[in-house]
Amino acid sequence: MKIKLLSTLLIFTSQFGFSQTEKTIKGKVIFNNYAIPKVEIINANSKNITLSDANGEFSIAAKTNDILVFVSKEHQLKKLTINPKLFTNGELIVDLLLKAEELNEVVITNIPSIHLSSDANYEQKKLDEYALEKATSSLKVIGVNTGTIENGANFMRIGGMLFGLLAKEKEPQKKELPKIKFKDLVNTTCDQNYFLETLKLKPDEIGLFLEFCDADPKSKTIAETNNALSVMDFLFEKSIEFKKL
């Protein structure tokens, strides 16, 4: 009886001490029992941030009822409220879910083709002229100047090469637009009142909300469009998801 009371007292004391003081929590982030590296672990209360290592392991300072947020670009965002029941042998094991794959937009451009002629009669005439030229060139009279240069330049070939060069010069050159980061685009598009009044977010939630949005692969497509209306629509949709967490 005394042993049971002592054990209960020790458990209660350890839980009480853990809840009152901040201590270093050690854990591991996994997916299907595989370690996940480079996951951002954010203490939403103290604003501390750390990353999981190559083995998925991490350590961060926290106390009971602190909220830890796990952000990975390939996995769904996860929130955990710290309490002693989450730990297994003193370690916090966090299992993330994989995001659904999103197909990027594929742009297919038409490649122009060059047609020398669509006139069948004209093409036949060229063939006849070529055959006549080959027949007459084989007849040579010794000692008579024919007015031609033997083994002279192939003007048809040279003309074709010049035509090809001119066609390449006329092809439109693709200009690469400067890439802009999603967070920079949001900062130039939306002011703080948009987050507070329109999205109904708290001031201390804005930074975490932007991390949540940036983790969505769709944010890269939004950044490439550089469209203010698309940015606002995307932020509004993500705010609904964020509030459900």
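Among the criteria (1) modelled with pLDDT of 85 or more; (2) loosely packed, with under 10 Cβ neighbours inside 10 Å, the one Val141 does not fulfil is (1).
Pairing each residue of the range 201-212 that is hydrophobic (A, V, I, L, M, F, W, C) with any residue that is open to solvent by 60 Å² or more (accessible area, probe 1.4 Å) and in a helix (DSSP H, G or I), provided the two are 6+ apart or on different chains, yields C-beta distances under 6 Å for Leu210/Lys183. When the range 42-75 is filtered for residues that are outside any strand (DSSP E or B), crowded, with 16+ Cβ neighbours inside 10 Å and of a type in the set (Gly, Ala, Ser), the ones remaining, listed by number, are Ala44, Ser52, Gly56. Check whether at least one residue in the range 106-120 is at pLDDT below 55 and surrounded by 10 or more Cβ atoms within 10 Å (Cβ to Cβ), and report yes or no. Within the range 106-120, one or more residues are at pLDDT below 55 and surrounded by 10 or more Cβ atoms within 10 Å (Cβ to Cβ). Looking at Leu201, Leu185, just one residue is open to solvent by less than 60 Å² (accessible area, probe 1.4 Å) and either closer than 19 Å to Lys79 by Cα or among the charged types (D, E, K, R) (or both), and that residue is Leu201.
Residues in the range 1-30 that are modelled with pLDDT under 95, under 30 Å from Cys213 (Cα atoms) and surrounded by 15 or more Cβ atoms within 10 Å (Cβ to Cβ): Glu22, Ile25. Exactly one residue out of Ile158, Ile240, Ile180 is β-branched (Val, Ile, Thr) and modelled with pLDDT of 90 or more: that is Ile240. Only a single criterion out of (1) at pLDDT below 90; (2) crowded, with 16+ Cβ neighbours inside 10 Å is not satisfied by Ala100, namely (2).
The values are calculated or read from the model by the stated rules, or taken from the named source; none is laboratory data. None of the values given here were measured: they were computed from a predicted structure. Please note: Cβ atoms are built from the backbone with ideal geometry, for glycine as well, and neighbour counts cover all protein chains shown. Please note that ligands, DNA and RNA were not included when accessible areas were found on the heavy atoms of the full protein model with its side chains. Shrake-Rupley method; radii C 1.70, N 1.55, O 1.52, S 1.80 Å.
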